Every structure is written in structure tokens, then in C-alpha cells.
Amino acid sequence: ENFKYKDPTQRLNVRIKDLLGRMTLEEKIGQMVQIERVNASTEVMKKYFIGSVLSGGGSVPSKQASAQDWINMVNEIQKGALSTRLGIPMIYGIDAVHGHNNVYNATIFPHNIGLGATRDPQLLKRIGVASAREIRATGIPYAFAPCVAVCRDPRWGRCYESYGEDPKIVQEMTEIIPGLQGEIPPNSRKGVPYVAGKENVVACAKHYVGDGGTTKGIDENNTVIDRHGLLSIHMPGYYHSIIKGVATIMVSYSSWNGEKMHANKNLVTDFLKNTLHFQGFVISDWEAIDRITDPPHANYTYSILASITAGLDMIMIPYNYPEFIDGLTNLVKSNYIPISRIDDAVKRILRVKFVMGLFENPIADLSLVNELGKQEHRELAREAVRKSLVLLKNGKSADKPLLPLEKKTQKILVAGSHANNLGYQCGGWTIEWQGLSGNNLTSGTTVLDAIKDTVDPTTEVIFNENPDKKSLQSDTFSYAIVVVGEHPYAELNGDSLNLTIPDPGPNTITNVCGVIKCAVVIISGRPVVIQPYVDSIDALVAAWLPGTEGKGITDVLFGDYGFTGKLSQTWFKTVDQLPMNFGNPNYDPLFPFGHGLTTQPI
Ligand SMILES: OC[C@@H]1[C@@H](O)[C@H](O)[C@@H](O)c2nc(-c3ccccc3)cn21
């Protein structure tokens, strides 16, 4: 019997219709389920017809697993899916949000807040291309990126995952999507998902909608704003993602005016699907349907009913998939959920799987393994670091700039908790969900290493993480570079009401800058409290979370390249001003949105 759905010469809708028509209710519901990799045995994949598997943050086949190890794991799970009656391939997803950040030796790019400061959408596209190749190097065809949140309050623990407070910048930076997925052909029908081929990945615009607008930046909380404000500030990123063919959209944990997004039929179905004509699939966040109720999972049947009725197509379970499958099956069989809703979800999931070529190439090969951490990608990341740094202050008087620094001089001091810490400079979502401290988490270049590599061989470099005033006064340094900032965090763990630099950072600044000409480099996921120290600082640089390529920082500190970055997030004076965004009445920042001094390359 000719299985039309297996025939790639058949039109997309013919393949979808043919396959859907063959599927049982169990097989349909299985396609809507995404489980965590630790549960994805061949037996489970077969028994429940699982359609998708993910790696949660830090969930890896083994520590320092190679590309080959990843490919073997993904292919093993895929074989389980392919051994089902209809052989529908599963799609494996992972959070590659600043490079392939769960994977040892991957290139780690600056987090989004830094990329917003580059104002360079074409750079973002190139980053998307490189990232897609590193993700495919490990046999994975789906990334939960880009985050198109608009960070309206830096107290939010995920502000660094946003390109900034301006919807215009966020919509421009969706240019990473044609990098990840490939360029959508110009006359494509609006809203259809597009993935070019085996060197591209399925992308995911997230988190729909208004995740960056919650009260006091409280993660997963409530975004209070009228419809016009929601559509003009938080929606443009989705509109532009859809125009560019984004294949999936992930729903936000947060609420809009008290209504959980995961239960919001008006925004998920009526607006996203029926007004913006999005035809890819809508995926939930991790255990997000459980959190529709308070306490979470208090009424799981209701969680399933509300989310599926709202229009979600794939549910990131990740563990209690039997409970979900039973619950949804019962709701369909008792007519609480019409089979037409299930068919809509499955059609969308199959559309993405057909469009991306997953039926033709379900098993990953080794053709791209050398892409992982490739030098060419590291050079691209280094360029991104250069362009992301924002020069906030340069000299105590305009006619005496400190930067660019002299490479050839007697002796310089490098100080600060973040000068020699690769984990700190990468931030959250790196190797582990919450990020790490130290220098052996993956391969990269610390700021200290970069300085040693950049200055003249005759220049003596003294590293002292937190020097005391006495030791400084009895010594002579031409200048000091002080690198301090935030420790890594992700999501809720990053929510902060005080936004202070953790000790001993401020102490290091005042000790060093009180005695020596100092260039202070802030490693942070967002603007932090710096006003009390600004007057004592000669040059001040916002480096955000630059990732593994630390030489991008010395490229501009020492004048091999000029500073060009511009703030994509308002730098407040004090936290009691927040929330404060450009355009607000009584806008009174320390450094305004768009601020960024420039220097000329030497
Ligand atoms: O990693 C998958 C998704 C990711 O794509 C989303 O952006 C993010 O909101 C998220 N939080 C968790 C997560 C949260 C708490 C405990 C365990 C996992 C999982 N995830």
C-alpha cells in the first residue's frame, strides 16, 4: 500500500491528511507529549507513541559528553520512536539560548542583553547559522530559542535572556531565526513554518506573551497592562518571528491581567492562530500546565482541559506523562475536548516535522561533529562580544580618556572576582541550568588570560582578586583593570529587588580605584547598582554576560577595535526608580537607553 505520508514528493497537506487519517487517538495524543530524556527509553517511546523529547537545563548524556555521545543518545531515542506502527519520528529539543550552552566545548555567545547592545541584526543571523550547526553537530534539530521577551524591569531574573526594553530592538533581533531555520523563501504564505534543511534547526519564539512585563520583574508572575500596551510592547517580537517562518512558539508561565497565559484561549487561539495565522505548533513550558492552578497540580484534569482548550499543541510534561495521557484521553472520550482540537494540534506538529525533513532524515549522522566549538564560530562570538560592550564612562574629564589602554607599560594590576572566572562570564544556562563558577566547566578564555595575551610581553601583569589598600599604596601600577559583577543565575533564582553587586565587588572597586587609575568592567545580566562608585571610577564598561570568548573584551579595552555598543536597557540610578523605561515621564537614569561612548581603533 503506498503510504502517501512517507512520500516526500507529495504536497505537505496531502502527507499530513494521509498520516492523520491513519492515526489512533493514542497515537495522536502521543505526538502532543514532550518528555525529559531521562525517561525516554525505547520501551516508553513505543508504549506511549511519544512525539518529542527534551534536555532540561544541564541534562546531558554524560559529563563532558562529545558530539558523538550526543548523537548516539538522540539516535537511540529516535529508533524507539521509529519502531512504532506508523514510524513517526520524534523531535528532540534543547535550550541552546547563547550557543549550544549545555554542551561541553560548544561556543558560548553573549547572552541576549549584550546582543541587543550590538544593534546588529545581521550579526544575529550569523550567530543563528553558527549555533544551528553546533546544535546539529550533536544530532539535535530543535532549539528553544530565541527568547523575544521585552525586559521592562531589570529586577527580573531573566532580563539577560531579553534583547532589552525596546520592542523595536527585539523585533529586529528576530533576524536570528532565519539564521537558525534558514531564510524563508520570499513568497511563502504568511504564518507557515519554514526550516531549510539538515544544517538548520527548528526555532522557538518564547515566552508568549508579556513574560518581561511582570510586576516588579517577579518571574512567572502577573503582567498588568492594557491590550494596546501588550500588543505594542510585547507582541512585535512574535509578529516578526511569524513573518520569518518561526516553526514553534512557547507559552509563558506568566499571566496577563490575572489570567494564566497557559489557559488563555483568546491570545493563543483567537489571536496567535486565527489572527496572526501562525501555523507551526504552540508548546508549553516545563510543568507549566501544572502551574495553572495554585498550588500547582492541585487539579491536573483542569490543567489539561484549560491548556489544550486554550490552544496549546505540545505539552512539555516532562515526567508525569502517563497521568497527562490518561487525563487527556478521558477528556476527549467524554467529549470535554473535541477531536477537532486534537487534530489541529497533531496537524501542526506533523507540519513542522514534515517541513523540517524529519521524516526523510530522522537519524543524525556525524557530518557536522567538527562544527562544535569551531574556531570560526569562536571568532564570530568574539566579534559579538566586542560589539556588545558598552562604554559608559571614559575618563574623569572628557579630555583625559583612559581607554584605549596602553599595551606596553611597566606594570598593571588586574583585580576583581570576575577577572579569572569563565563560569561567571558565561552566566546562567551554561553547562548547568544555573551556570557555574570556575574555569574548567568548558573551554574558553577568561578576561585575565585575554589581558595576558594582549599586552606587550614586557608589561608585567599582576593579578590580585581583592587587594587591600595598603598593598596597593606600596606599589606602582600604570593602571588597573577591575572585573566584578553578578554570580550566575537562571529564572527565579535571578529575581532581585536590590540589584547590588555581590561582595566583595564594591569593596574591590573602592580599594583599587581610590589609589590607581582604573577601568572597571561589569559582568552582569542587567544594569546593577553602580552610582555610588561612578565618581571614583575612571573608565566604566558594561560587558553583560560575554560567554567564552574573553578576547572580545580586550579587543576594545586595548584599542584593536573601537567601542560601538549602545545600552539596550536603561541603567537606573537607584532601584526605587523601577520600573523605568525610556519614554516614561520623569525618566531620570544614570545612563539612558541608547547611551554608549565610542573610541577609535588604534
Ligand atoms: O528547559 C526547558 C524550558 C525552557 O525552554 C524555558 O525557557 C524555561 O522557562 C524553563 N524552565 C524550566 C524549568 C524550571 C524549573 C525547574 C526545571 C525546569 C524548563 N524550561
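Remark: relative contact order (region 391-533) = 29 percent; criterion is Cα-Cα distance under 8 angstrom and separation of 6 or more residues. If you take all other residues with their beta carbon under 14 Å from the beta carbon of Asp219, and give Lys and Arg +1 and Asp and Glu -1, the sum is 0.
In whole angstrom, how far apart do the alpha carbon centroids of region 176-238 and region 310-339 sit? Answer, in whole Å: 25. Roughly what would the spin-label model give for Ile602 and Arg227, points 7 Å off Cα along C-beta, in nm? Distance between label points: 5.9 nm.
Ignoring lysines fewer than eight residues from Lys244 along the same chain, the ones with Cα atoms less than 23 angstrom from its Cα are Lys125, Lys168, Lys190, Lys198, Lys206, Lys273, Lys347, Lys353.
Report the trypsin sites (Lys or Arg not before Pro) located in region 376-463 that are in a DSSP loop and have at most 15 other Cβ atoms inside 10 Å of their Cβ, or state none. Kindly include the intermediate steps, with their values, before the conclusion.
Working: sites: Arg378, Arg382, Arg386, Lys387, Lys393, Lys396, Lys407, Lys408, Lys411, Lys452; in loops: Lys396, Lys407, Lys408.
Those satisfying the criteria are Lys396, Lys408.
Look at Ser284, Ser303, Ser62 and count the other Cβ atoms within 10 Å of each Cβ; fewest to most, that gives Ser62, Ser303, Ser284.
Given R₀ = 35 Å, FRET efficiency for Thr42-Tyr302 by Cβ-Cβ distance, to 0.05?
Details: r = 33 Å, r/R0 = 0.94.
For Thr42 and Tyr302, the calculated efficiency is 0.60.
Do any GluC sites (Glu not before Pro) in region 320-414 lie in a loop, going by DSSP, with at most 14 other beta-carbon atoms within 10 Å of their beta carbon, and if so which?
Numbers: sites: Glu323, Glu360, Glu371, Glu376, Glu379, Glu383, Glu406; in loops: Glu360, Glu406.
Filter output for region 320-414: Glu360.
The separation of region 573-602 from region 136-170, counted between C-alpha centres, amounts to 21 Å.
Treating the beta-carbon of each Lys and Arg as +1 and of each Asp and Glu as -1, no other charges, what is the dipole magnitude of the chain about its Cα centre, to the nearest 20 debye?
Working: 58 positive and 62 negative charges, 284 e Å.
That gives the chain a dipole magnitude of about 1360 debye.
Taking other C-beta atoms within 10 angstrom as a stand-in for reagent exposure, Asp399, Asp365, Asp166, Asp18 fall in the order Asp399, Asp365, Asp18, Asp166, fewest first.
Stretched out straight at 0.36 nm per residue, the stretch from Lys470 to Asn361 would grow longer than its current Cα-Cα span by 32.7 nm. With one equal scatterer per alpha carbon and no solvent term, the Debye-computed log10 I(q)/I(0) for region 538-602 at 0.12, 0.20 1/Å reads -0.40, -0.86.
Over region 1-117, what is the relative contact order in whole percent, taking alpha-carbon pairs under 8 Å and six or more residues apart? Show your work: numbers first, answer last.
Values: 139 pairs, mean separation 23.3, N = 117.
For region 1-117, the relative contact order is 20 percent.
What the pair-distance distribution of region 382-520 shows, using all Cα-Cα distances binned every 5 Å from zero, is 2, 9, 16, 20, 21, 16, 9, 5, 1, 0 percent.
With viscosity set to 0.890 mPa s and temperature to 25 °C, compute the Stokes-Einstein D of region 228-379, Rh being the Kirkwood radius across alpha carbon pairs; µm²/s, no decimals. Write out the running numbers ahead of the final one.
Details: Rh = 17.2 Å.
Estimated diffusion coefficient is 142 µm²/s.
Compared with the direct C-alpha span, the chain from Asn320 to Lys265 gains 17.4 nm at full extension, assuming 0.36 nm per residue. The H on the amide N of Gly56, modeled in the peptide plane, is under 5 Å from the matching H of Arg37, each at least 5 residues off or on a different chain.
For the chain, calculate the relative contact order in percent as a whole number, restricting contacts to Cα pairs under 8 Å that are 6 or more residues apart. Working shown, then result.
Details: 1489 pairs, mean separation 100.3, N = 602.
After rounding, I find 17 percent.
Between Val461 and Asn584, what is the FRET efficiency for a Förster distance of 51 Å, r being their Cβ-Cβ separation, to the nearest 0.05? It comes to 0.70.
Length available on full extension from Asp7 to Ser83: 0.36 nm per residue minus the Cα-Cα distance, which gives 25.5 nm.
For region 377-385, putting each phi into the Karplus relation 6.51 cos²θ - 1.76 cosθ + 1.60 with θ = phi - 60° gives couplings of 6, 5, 5, 5, 5, 5, 5, 5, 4 Hz, in residue order, rounded to whole numbers and with x for Gly and Pro. For the chain, the longest principal axis of the C-alpha atoms and the axis of helix 121-137 are separated by about 60°. Shown here are the Rg and Dmax of the Cα trace of the chain, at 24.7, 88 Å. Axis of helix 67-82 versus longest Cα principal axis of the chain: the two differ by about 20°, to the nearest ten degrees. Amide H contacts of Ala419 (H built 1.01 Å from N, in plane; Pro and chain starts excluded): Val483 sit under 5 Å, all sequence-distant by 5 or more or on other chains. For the chain, adding -39500 (n - 2.57) for each run of n ≥ 4 DSSP H residues and dividing by the number of residues yields -8500 deg cm²/dmol at 222 nm. Ignoring aspartates and glutamates fewer than eight residues from Lys393 along the same chain, the ones with Cα atoms less than 16 angstrom from its Cα are Asp535, Asp538. Computed over neighbours whose Cβ is under 14 Å from that of Ile412, the net charge equals -1, Lys and Arg +1, Asp and Glu -1.
Simple spin-label estimate for Ser62 and Arg22 gives 3.7 nm between the two label positions (7 Å along the Cα-to-Cβ direction from each Cα).
How charged is the neighbourhood of Leu590? Take every other residue with its Cβ under 14 Å from the Cβ of Leu590, and add Lys/Arg as +1 and Asp/Glu as -1. List each step's numbers first, then the result.
On the way: positive: Lys393, Arg526, Lys573; negative: Asp535, Asp576, Asp588.
Residues near Leu590 contribute 0 overall.
Between the Cα long axis of helix 339-355 and the first principal axis of the chain there is an angle of about 60°, rounded to the nearest 10.
Sequentially through region 394-407, phi angles give Karplus couplings (6.51, -1.76, 1.60; θ = phi - 60°) of 9, x, 6, 9, 4, 7, 10, x, 8, 9, x, 6, 6, 7 Hz, Gly and Pro residues having no value and appearing as x. Amide H contacts of Lys411: Glu460, Ser478, each under 5 Å away and 5 or more positions distant or on a separate chain (H built 1.01 Å from N in the peptide plane; Pro and chain starts excluded).
Given Lys6/Lys265; Lys400/Lys470; Lys452/Lys517, which pairs have Cα atoms separated by over 22 Å? Could the numbers behind the result be given before it?
Values: Lys6/Lys265 33 Å; Lys400/Lys470 27 Å; Lys452/Lys517 19 Å.
The pairs that break the limit, which is 22 Å between Cα atoms, are Lys6/Lys265; Lys400/Lys470.
No value in this document is a laboratory result; all are computed from the given coordinates. The structure presented is a predicted model; accordingly, all values stated were derived computationally and were not measured. Neighbour counts are summed over all protein chains in view; Cβ atoms, including those assigned to glycine, are modelled from backbone coordinates with ideal geometry.
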